[in-house]
1. Stretched out fully, how many nm does the piece from L105 to V67 gain, at 0.36 nm a residue minus the Cα gap?
2. So, for region 121-169, what is the accessible surface per residue at a probe of 1.4 Å, expressed in square angstrom?
3. What FRET efficiency would be calculated for the residue pair A195, R224, taking the C-beta separation as r and a Förster radius of 22 Å, to the nearest 0.05?
4. Let's see if you can work this out: charge +1 on each Lys and Arg Cβ, -1 on each Asp and Glu Cβ, no other charges. What is the dipole magnitude of region 83-157 about its Cα centre, in debye to the nearest 20?
5. For region 75-135, what class follows from the C-alpha gyration tensor (a ≥ b ≥ c being the square roots of its eigenvalues): rounded when a/c is under 1.5, otherwise prolate if a/b is larger than b/c, else oblate?
6. Tell me, what % of the accessible area of region 103-184 is carbon and sulfur with a 1.4 angstrom probe?
7. Given points 7 Å out from each Cα along the Cα-Cβ axis, report the D30 to R145 separation in nanometres with one decimal.
8. So what are region 53-99's ellipsoid semi-axes, whole angstrom, largest first, if each one is the square root of 5 times an eigenvalue of the alpha-carbon gyration tensor?
Amino acid sequence: MSERRVAGLSAAVIADLVAELSPVWHARRDAELLDRPGRRAVGAGAKYKLVFVDRLLATLVHLRHGVTHDVLACWFQVDRSTITRAVGEIRPLLADRGCRIEGGLRLRTLADVIAHLGATGQTALMDATEVRVRRPSAHRGGRSRFISGESRINAMKALVVTDQRGRPLFCGGVRAGSIADITQARDAGLVDLLADTIDLQILADAGYQGLAAQTYGQVVTPPRKRRGRHLEHLQWLTIRTPAMADNG
């Protein structure tokens, strides 16, 4: 944990946090124990499997890298519920100290994302991602609809929309893996949402060809391949937004 890339803080800063927050954490735990109706003698009961330093480190790693509680539980060799409780206890202490995630715009639905892109004039990227799932039982109806036509695996497919820098704005509209990308976008209501916007550009791959005509050209896809004619396809690949051009 001395490596700064793990927790995002130097060893000296972590030591200062331990010295500052540890007494507060212990005081809160003692107050909770005193409020319980069945009081035990001092020192009785189960011992902590995760000391305060480890609780703090697990929380810092979770906040910095988004590591799941299951992974942290394997790392610290405790139950997942122990990590969940630790994160729930340490985050308020960090927030009281001023170490909190900055508030900002929350885009909860695809409609919120399209409205935000239309208001800010940003260019977005759209694609589908597959998550492999367990193969349905042999006697289950509709078993074949989970098989992806692209990867030939049992999967669920999610629609992903990002900004031009690749930062996720929306991930949802989950459907069975056999559904076509363009059908998933239509079922998510993308065509209807884009009917209320003007001059919004969403770059997508060839799997979404056909949406351009339904969205007044707001979904931009590569032209259909024609034998012996590669110029149009090459020109589409070289399209760059102004922000991308400024970044080189």
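1. Working: separation 38, 0.36 × 38 = 13.68 nm, distance 2.31 nm.
Here the segment from L105 to V67 would lengthen by 11.4 nm.
2. Numbers: 3190 Å² over 49 residues.
I get 65 Å² per residue for region 121-169.
3. Details: r = 24 Å, r/R0 = 1.10.
Rounded to the nearest 0.05, the efficiency is 0.35.
4. Details: 14 positive and 7 negative charges, 119 e Å.
About 580 debye.
5. Working: a/c = 3.82, a/b = 1.40, b/c = 2.72.
Oblate shape, in that a/c is at least 1.5 and b/c is the bigger or equal ratio.
6. Carbon and sulfur: 49 percent of the exposed surface of region 103-184.
7. Result for the modelled spin labels: 6.0 nm.
8. On the way: eigenvalues 65, 22, 13 Å².
Equivalent ellipsoid semi-axes, largest first: 18, 10, 8 Å.
The values are calculated or read from the model by the stated rules, or taken from the named source; none is laboratory data. Please read all numbers here as calculations on a predicted model, not as lab measurements. Here Cβ is always computed from backbone atoms with ideal geometry, including for glycine, and neighbour counts include all displayed protein chains. The accessibility values were calculated without ligands, DNA or RNA, using every heavy atom of the protein model including side chains. Shrake-Rupley method; radii C 1.70, N 1.55, O 1.52, S 1.80 Å.
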